[in-house]
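Below: one structure, written as structure tokens.
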Amino acid sequence: MKKRSDPRHRKRIKIIQELFAWQFKKDKKPAKEIKEIVSHLTEVDTLIAKSAPDRPVNQINKVDLAILRLAAFEIILDKGVPPKVAIDEAIELGKEYGSDSSAAFINGALGNLIEIKKIKT
């Protein structure tokens, strides 16, 4: 079982915090930790929209959206993270920082993303 003190988990927490804050001040230059994610935001958001068709991206809870953006980026563009790890981390972050339904929503959306992109987990 992973610990909250795991440096990779703590790094992901920092990234979702930065992504969350950036959503409210998009005119400001993104922090170094999220620069690459922001540079691929159109692609990432398109994938999120396809994997969660019942909720438009602009209607997704901002915390859940930050978590989904990080996970989708890790799964599709950052090949250094195994998809199972990215999904598990996203679900844990949803439980930790999101609403009661966040973990289930994130799990479903990322499961659909895996199916859409036909990625082996």
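Considering only region 1-53, how many residues are under 19 Å from Lys117 (Cβ atoms) and in a loop (DSSP other than H, G, I, E, B)?
Summing the residues that are under 19 Å from Lys117 (Cβ atoms) and in a loop (DSSP other than H, G, I, E, B) in region 1-53 gives 3.
Out of the residues in region 14-32 meeting the condition of being crowded, with 18+ Cβ neighbours inside 10 Å and not aromatic (Phe, Trp, Tyr), tell me which one is nearest to the chain's Cα centre (by Cα).
Residue satisfying both the conditions and the ranking: Ile16.
To keep it simple, each residue is scored yes or no on (1) at pLDDT 95 or above; (2) of a type in the set (S, T, N, Q).
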position	(1), (2)
His9	no, no
Ile15	yes, no
Glu18	yes, no
Gln23	no, yes
Lys26	no, no
Ala31	no, no
Asp45	yes, no
Ile48	yes, no
Pro53	no, no
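Look at region 54-71 and say how many of its residues are farther than 14 Å from Ile114 by Cβ and buried (at least 19 other Cβ atoms within 10 Å of the Cβ).
Residues flagged as farther than 14 Å from Ile114 by Cβ and buried (at least 19 other Cβ atoms within 10 Å of the Cβ) within region 54-71 amount to 8.
Please enumerate the residues belonging to region 72-121 that are in contact (Cβ under 8 Å) with a residue 60 or more places away in the chain, loosely packed, with under 15 Cβ neighbours inside 10 Å and touching a Lys or Arg at 6+ places or on another chain (Cβ under 8 Å).
Within region 72-121, just Ile116 meets the criteria.
Going through region 89-121 one residue at a time, which ones are farther than 16 Å from Arg69 by Cβ, in a loop (DSSP other than H, G, I, E, B) and touching a helix residue (DSSP H, G or I) at 6+ places or on another chain (Cβ under 6 Å)?
Those that are farther than 16 Å from Arg69 by Cβ, in a loop (DSSP other than H, G, I, E, B) and touching a helix residue (DSSP H, G or I) at 6+ places or on another chain (Cβ under 6 Å): Ile119, Thr121.
The values are calculated or read from the model by the stated rules, or taken from the named source; none is laboratory data. The model shown is predicted, which means the values in this text are computed figures rather than measured ones. Glycine also receives a Cβ, built like all others from the backbone with ideal geometry; neighbour counts cover every protein chain displayed.
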